[in-house]
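The values are calculated or read from the model by the stated rules, or taken from the named source; none is laboratory data. Just so you know, these numbers come straight off a predicted model, no measurement behind them. When we count neighbours, we look across all protein chains shown, and the Cβ atoms used for this are built from the backbone with ideal geometry, even at glycine. Ligands, DNA and RNA are stripped out before the accessible areas are found, and what is left, the full protein with its side chains, is counted by its heavy atoms. Shrake-Rupley method; radii C 1.70, N 1.55, O 1.52, S 1.80 Å.
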Amino acid sequence: MSDEADANRVAGWFGDCYGRQPEGVWQAPGRANLIGEHTDYNQGWVLPFALDRGVLVAAACRHDGMLVIRSRQAPGEPATLPLATVAPGRVTGWAAYPAGVAWALREAGHPVGGASLAIDSTLPQGAGLSSSAALECAVALALTGLYGLDVPRPDLAILARRAENDFVGVPSGIMDQSASLLCQASHALLLDCRSGEGSAVPLEPAAAGLALLIVDTGARHALGDGRYALRRGECDQAAGELGVRCLRDVADAAAADGLADPVLRRRARHVVTENHRVTQAAAMLRAGGLAGAGALLSASHTSLRDDFEVSWPEADTTVDAALEAGALGARMMGGGFGGSVIALVPAAQDAVRAAIGERYARLGWPAPGFLDAPPSASARRLR
Ligand code: ADP
Ligand code: MG
């Protein structure tokens, strides 16, 4: 899957849709999160990295003030929207993501005009690999590129997030858009979700004879599921009872033991220990100790399973099978209740894949999807 082949494919699709050549082609990657789950909205730390798969957009300016959007993954009529009337609540379905980006850019005073967009993707959707942010960031680069606007990437990440929060209506944090726009190849991004500041941390599994493997468990959480909001509420309540603004401000996990309610105690313990694990993992990577970080991934999973209670049966089974077959560490990734598992495995990983596949077959589950996850470059113009 070279950039060249990807660009040719999406440019060809643009030609089929609009009967002309695009003016440019952009790609924005999906992301994995090495460690740091449910820490973002507690203003803590996360450690994502960009994948070598993402969303592609071929685009050209239009002079009729219309935004016309097609996606190869969403067959049917294109979304055809007069830009001047695009506002939250007016666009539903998948087209709300790209339309929301145009809206957020214009709201911030960036004069983007009409455009024809053709979208294609090499990322599974809803698997916790952030196809939504990849879509937003690819469209943000395309629209600013078409109109010659130079918006700094951290600002673009905030605008893309605004599209998802205020236009689509999904209350997600800043991690996904930051990862897609700010990561570097062979690095993870240690992101402080309070200040928004990120720093690159070396992450080169291949150089250590290792690999990062993503297993799409096939399980999907229902959209609008209330459990995410419930966890956020529990964290806010725990912070309030501990007398801090948010759980990031609790440095010592023992402080969480002071909470009277056992559920809140467990939730707080997860967030506080997870923040420690993220900073510890980043320090290990900086010292060249990736293999040692495997144990932190597994500890993160145990904490998410037992204290935060957001894991799901396929994830637990995948983690167990991976560790038994020689993985150095593994954990569920994303908000929970469905999506993917990330595992740190030996570069020769056939045994791990086979063990997971066999376990699913024995349980009568559909076969899982496997994805190599080399830490890759951030969003960019391909032509
Ligand atoms: P994730 O970000 O983990 O993949 P989300 O539920 O946040 O899951 O985002 C998935 C949604 O993003 C899809 O339901 C769809 O609306 C939109 N989306 C992502 N990729 C595409 C694409 N290639 N074409 C059209 N819509 C897409
Ligand atoms: Mg998403």
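One residue is enough: does segment 224-242 have a residue meeting the conditions within 15 Å of ligand 1 (Cβ to nearest atom), acidic (Asp, Glu), more than 22 Å from PRO375 (Cα to Cα) and modelled with pLDDT under 95? Yes; the residues of segment 224-242 include at least one that is within 15 Å of ligand 1 (Cβ to nearest atom), acidic (Asp, Glu), more than 22 Å from PRO375 (Cα to Cα) and modelled with pLDDT under 95. Restricting attention to segment 23-58, the residues being farther than 15 Å from LEU191 by Cβ, within 16 Å of ligand 1 (Cβ to nearest atom) and out of contact with any Pro (no Cβ under 6 Å at 6 or more places or on another chain) number 10. Selection of segment 97-121 for residues being touching a strand residue (DSSP E or B) at 6+ places or on another chain (Cβ under 9 Å), in a helix (DSSP H, G or I) and within 30 Å of LEU34 (Cβ to Cβ) yields only PRO98. Checking each residue in segment 350-381 for being surrounded by fewer than 18 Cβ atoms within 10 Å (Cβ to Cβ), part of a loop (DSSP other than H, G, I, E, B) and either in contact with a strand residue (DSSP E or B) (Cβ under 8 Å, 6 or more places away or on another chain) or not small (Gly, Ala, Ser) (or both) picks out LEU363, TRP365, PRO366, PRO374, ALA377. Applying the criterion of being within 25 Å of the chain's Cα centre (by Cα) and in a helix (DSSP H, G or I) to the residues of segment 81-96, the residue that is surrounded by the fewest Cβ atoms within 10 Å (Cβ to Cβ) is GLY93.
Assess whether ALA330 counts as being under 23 Å from ARG220 (Cβ atoms), at pLDDT 95 or above, open to solvent by less than 10 Å² (accessible area, probe 1.4 Å) and outside any helix (DSSP H, G or I). So ALA330 passes the test. Restricting attention to segment 54-80, the residues that are closer than 30 Å to ALA211 by Cβ and surrounded by fewer than 23 Cβ atoms within 10 Å (Cβ to Cβ) total 2.
Does ARG153 satisfy being in contact with a helix residue (DSSP H, G or I) (Cβ under 6 Å, 6 or more places away or on another chain), more than 14 Å from ligand 2 (Cβ to nearest atom) and either at pLDDT 95 or above or of a type in the set (Val, Ile, Thr) (or both)? Yes; evaluated as a whole, the condition is true for this residue. Within segment 131-143, residues that are in contact (Cβ under 8 Å) with a residue 40 or more places away in the chain and under 20 Å from MET66 (Cβ atoms) sit with their Cβ atoms under 8 Å from residues that are among the β-branched types (Val, Ile, Thr) and near ligand 1 (Cβ under 9 Å from one of its atoms), at 6+ positions apart or across chains, in these pairs: LEU135/VAL55; LEU135/ILE119; ALA138/VAL55; ALA138/ILE119; VAL139/ILE119. Beta carbons closer than 6 Å, at least 6 apart along the sequence or on distinct chains, never pair a first residue in segment 162-176 that is free of Cβ contacts under 8 Å to residues at least 40 places away in the same chain and more than 10 Å from ligand 2 (Cβ to nearest atom) with a second that is open to solvent by 40 Å² or more (accessible area, probe 1.4 Å) and hydrophobic (A, V, I, L, M, F, W, C). Among the residues that make up segment 209-227, is at least one of them under 20 Å from the mean Cα position of the chain (by Cα), surrounded by fewer than 18 Cβ atoms within 10 Å (Cβ to Cβ) and within 16 Å of GLN43 (Cβ to Cβ)? Checked against the condition, which is being under 20 Å from the mean Cα position of the chain (by Cα), surrounded by fewer than 18 Cβ atoms within 10 Å (Cβ to Cβ) and within 16 Å of GLN43 (Cβ to Cβ), segment 209-227 yields no hits at all. Kindly provide the set of residues from segment 292-311 that are open to solvent by 30 Å² or more (accessible area, probe 1.4 Å) and touching a Gly at 6+ places or on another chain (Cβ under 9 Å), ordered by number. Result: ALA295, ALA299, GLU309.
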